[in-house]
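Everything on this sheet refers to the single structure shown next.
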Amino acid sequence: MSKPSYKTCYEVSQRCPVSATTYGYYPDLSANAFFAAFFGVLLLLSLGIGIRTKTWTYTIALGIGTLGECLGYIGRVLMHKNPWNKGAFEAIGGGVAAGASGRDSSKLLDAGNGLIVAGIAFQVATMAVCGLLVLDFLIRFRRAKANKLENVEEKTQHQVDQRDRRKHTMFRMFCVAVALAYLTVLIRCIYRLPEMAPGWGNPLMRKELEFLLLDGMMIALAILALTAVHPGLFFSPMRFASKK
């Protein structure tokens, strides 16, 4: 009898137990449905803001990422009823693993997994470098600003602060949101390294709670932050309509 795989199994049975699937469990319906709906609402919200304010680049980039997350969790919802649902497993990014069987495809799967791990490691490294560069810029900026303020009369500076207070506040909020998104995505990438490194179906990949917290929740916070400070709302000069 052949080993259970996504090519020979179509539903849970004695010959095809749930433990033989890549994740080894029935995805939790309520948690995954929540994330699917959450990302769906954020997608509609960001698209609405982007279309109204004509901030296409930001909206398209954010929309593609949000749509991918939404589809992924819809796939997990479908897998709750049937973990052997091959179609749902392509939806969550496991198409290659689902179709892998035999010696040659197993080697191809291992090579592909190695590329995924290398890509995630490269992303973590580049994000860390970018974070350090931004930190260095902020330190230099604050020092330069402090030196400049020493040469500005207190009354004049007070007038400038009153006039630009709202703009400064909104810019700070945007920076905080971007920093939060950066941190949460970095945490998610660091989690994915040990999750993917041992290969598909490893023990860490079979722990749903860790995945929901360190992957789903982190990306949810990132997209929520980036949607809340959408440039179409925070920076009017970015709107195409304001350039007429």
Residue set ARG172, ARG188, ARG206, ARG165; condition among the basic types (Lys, Arg), modelled with pLDDT under 85 and out of contact with any strand residue (DSSP E or B) (no Cβ under 6 Å at 6 or more places or on another chain); output residue ARG165
When every residue in the range 229-244 that is buried (at least 18 other Cβ atoms within 10 Å of the Cβ) and assigned to a loop (DSSP other than H, G, I, E, B) is compared, the one modelled with the lowest pLDDT is PHE235
With the first residue restricted to the range 128-149 and required to be under 15 Å from LEU186 (Cα atoms), and the second required to be among the hydroxyl-bearing types (Ser, Thr, Tyr) and loosely packed, with under 10 Cβ neighbours inside 10 Å, Cβ contacts under 9 Å at 6 or more apart or on different chains are none
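If we keep just the residues of the range 1-38 that are in contact with a His (Cβ under 6 Å, 6 or more places away or on another chain) and not aliphatic (A, V, I, L, M), which is surrounded by the fewest Cβ atoms within 10 Å (Cβ to Cβ)? Walk me through it before giving the result.
Here is the first cut: in the range 1-38, the ones in contact with a His (Cβ under 6 Å, 6 or more places away or on another chain) are 26-27, 29.
In the following step, the residues that additionally are not aliphatic (A, V, I, L, M) were identified as 26-27.
Working: TYR26: 15, PRO27: 22.
Result: TYR26.
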### Query
Has the range 78-86 got at least one residue that is out of contact with any Ser or Thr (no Cβ under 6 Å at 6 or more places or on another chain), under 14 Å from LEU224 (Cα atoms) and either assigned by TED's automatic domain parsing to the domain that holds HIS230 or in a helix (DSSP H, G or I) (or both)?
no
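Determine, yes or no, whether GLY72 is closer than 22 Å to PRO198 by Cβ, at pLDDT below 65 and surrounded by 14 or more Cβ atoms within 10 Å (Cβ to Cβ). So that I can check it myself, show each step before the final result.
Numbers: closer than 22 Å to PRO198 by Cβ: yes; at pLDDT below 65: no; surrounded by 14 or more Cβ atoms within 10 Å (Cβ to Cβ): yes.
When the stated conditions are applied, GLY72 does not pass them.
The values are calculated or read from the model by the stated rules, or taken from the named source; none is laboratory data. Quantities reported herein were computed from a predicted structural model and do not represent experimental measurements. No Cβ is skipped: glycine too gets one built from the backbone with ideal geometry, and neighbour counts run over all protein chains shown.
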